[in-house]
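The values are calculated or read from the model by the stated rules, or taken from the named source; none is laboratory data. All figures in this text were calculated on a predicted structure; none of them were measured in a lab. As a convention, Cβ positions derive from the backbone with ideal geometry for all residues, glycine included, and neighbour counts pool all protein chains shown. In case anyone asks, the SASA skips ligands and DNA or RNA and just uses the protein heavy atoms, side chains included. Shrake-Rupley method; radii C 1.70, N 1.55, O 1.52, S 1.80 Å.
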Amino acid sequence: MNDRADVDRELDCTLEYQSFSLELATPLETAAGTIESRDGFLVRIVESTASEDDLAVGYGEATPLPGWTESVGDCETALERARVAIEDGPAAALDAVDGQVAARHAVTLALGDLRASREATPLYRHIGRGPMIGRVPVNATIGDGAPTETARAASEAIDRGFDCCKIKVGNRSVEADVERLRRTREAVGPDIELRVDANEAWTYTEAKTALEGLADLGVSILEQPLPAGALEGHAALRERVQGDGVAIALDEGLLEHGVDAICEAGAADAVVLKPMALGGIDVARQIAAWVQELEITPIVTTTIDGVVARTGAVHLAASIPNVPACGLATASLLATDLGRDPVLLEKGAAVVPQAKGLGVNGVWTE
Ligand SMILES: O=C(O)CCC(=O)C1=CC=C[C@@H](O)[C@@H]1C(=O)O
Ligand SMILES: [Mg+2]
């Protein structure tokens, strides 16, 4: 913090971190592999001044994911650097985690939580400076499974109040995946939004074939059908699907190419913003504002994180005007969590915490 008040306050910051391991209730099957557990670090930053009672605390979470972020080892090394560097102030701690996206996510989230708490404002209003937002729309996340299993999981999600489901594809033949979506559409009816995520699994020909079937089933978004590098391929798919309602979203492609290249190639209708993979909700918020200027839709998702990072992603989504359904309802994928979840899911939306800061408590083990 560098406003006038801070100089007068002689701020003193400490940073600590604790490792954790969270099992998934059921492994999440994706075309990029199976996610069985989430190992990471809880981060706490305490800012104090000479006066005893002037203490502020912020929490962050670094949950590396292979293929998306640095390794757990590199993350821990970066956090140790930040633990020492913060004696010279928050900016030094940020320098210490530069280039390590999960570690930077944790430090920036803890600083954001701390600063928003000092402002006595919810984190989403601290980062977006926008109006009060009560809820953000969310999608259910459904992994790869047999047609009957997929249709059942989607029906259960609808029964729990969701009106949007994102289904993992790309592990089977295109015909088998289209059949999975057909059975799901039969089970949930015409009014539920269905999206699919292929995690780079298809060739252009496979994606073209899939799109014909998916369009007939009213699928709204096809996420990352081709390898991350294939910008021209995604642009060509977009030209093919003009008017048939299937939008192309880039996820891994955003991390590979960035916004400029995607926009220049005309490769995406939407981009997926994963704060953990982008290095923080601050970075993701800037990208969201940028792509909305370019009439590209931002969609926020977790990286199947603990409650601290997941709640940070909810605040990020709440700070983005007119955000569509986001991949934030991943708490149920975890068998255990870091602490109580301040985010209630109801009627297809996440109720945004209005407490000061992040709004997560009881996660730190003394
Ligand atoms: O978007 C969602 O519904 C939840 C997040 C999600 O699907 C993912 C999180 C992390 C890695 C991937 O398996 C996957 C994705 O590719 O979007
Ligand atoms: Mg994805």
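Listed by chain and number, the lysines whose alpha-carbon sits under 22 Å from that of residue 347, ignoring those within fewer than 8 places in the same chain, are 166.
Measuring nothing but protein heavy atoms, the accessible surface of region 87-205 at 1.4 Å probe radius is 48 percent carbon and sulfur. Counting 0.36 nm for each residue step from residue 256 to residue 175 and taking away their Cα separation leaves a gain of 26.3 nm.
Taken as Cα centroids, region 144-206 and region 49-74 sit 35 Å apart, rounded to the nearest whole angstrom. Ordering 155, 71, 319, 19 by accessible surface, largest first, gives 19, 71, 155, 319; the 1.4 Å probe counts only protein heavy atoms, with every chain in place. Between the Cα long axis of helix 147-159 and the first principal axis of the chain there is an angle of about 50°, rounded to the nearest 10. In the full protein context, region 4-120 carries 45 Å² of accessible surface per residue, based on a 1.4 Å probe and ignoring ligands, DNA and RNA.
The magnitude of the dipole of the chain, with charges of +1 and -1 set on the Cβ of Lys/Arg and Asp/Glu and taken from the Cα centre, is near 920 debye. Summary value for the chain: 20 percent relative contact order, contacts being C-alpha pairs under 8 angstrom separated by 6+ residues.
Translational D (Stokes-Einstein, µm²/s) of region 157-247 at 10 °C and 1.306 mPa s when Rh comes from the Kirkwood sum over C-alpha pairs? Approximately 120 µm²/s, per Stokes-Einstein. Each residue, residue 289 and residue 264, gets one label point 7 Å from its Cα in the Cβ direction; the gap between the two is 2.4 nm.
Think of a 1.4 Å ball rolled over the protein heavy atoms: region 135-351 then has 36 Å² of accessible area per residue. According to the calculation over all Cα-Cα pairs in region 83-186, the P(r) per 10 Å bin from zero is 13, 26, 18, 22, 18, 4 %. Does a label point 7 Å from the Cα of residue 346, set along Cα-to-beta-carbon, have any residues of region 149-168 with amide nitrogen under 20 Å, and which are they? Output list for this probe position: 157-164. Contact order, relative form, for region 1-115: 27 percent (alpha carbon pairs under 8 Å, 6 or more residues apart, mean separation divided by residue count). Gain on full extension, evaluated as 0.36 nm per residue between residue 71 and residue 146 minus their Cα-Cα distance, stands at 23.8 nm.
Placing unit charges on each Cβ (+1 for Lys and Arg, -1 for Asp and Glu) gives the chain a dipole about its Cα centre, and among 317, 215, 235 the Cα reaching farthest toward its positive end belongs to 215. Annotation for region 109-134 versus region 310-366: alpha-carbon center distance of 14 Å.
Ordered from highest to lowest accessible area with the whole protein assembly present and a 1.4 Å probe, 121, 365 read as 365, 121.
Accessible area per residue was computed with a 1.4 Å probe on protein heavy atoms; residue 192 scores about 20 Å².
Across the alpha-carbon atoms of the chain, the computed radius of gyration and Dmax are 20.5, 67 angstrom. Using heavy atoms of the protein chains and a probe of 1.4 Å, the accessible area assigned to residue 166 is about 20 Å².
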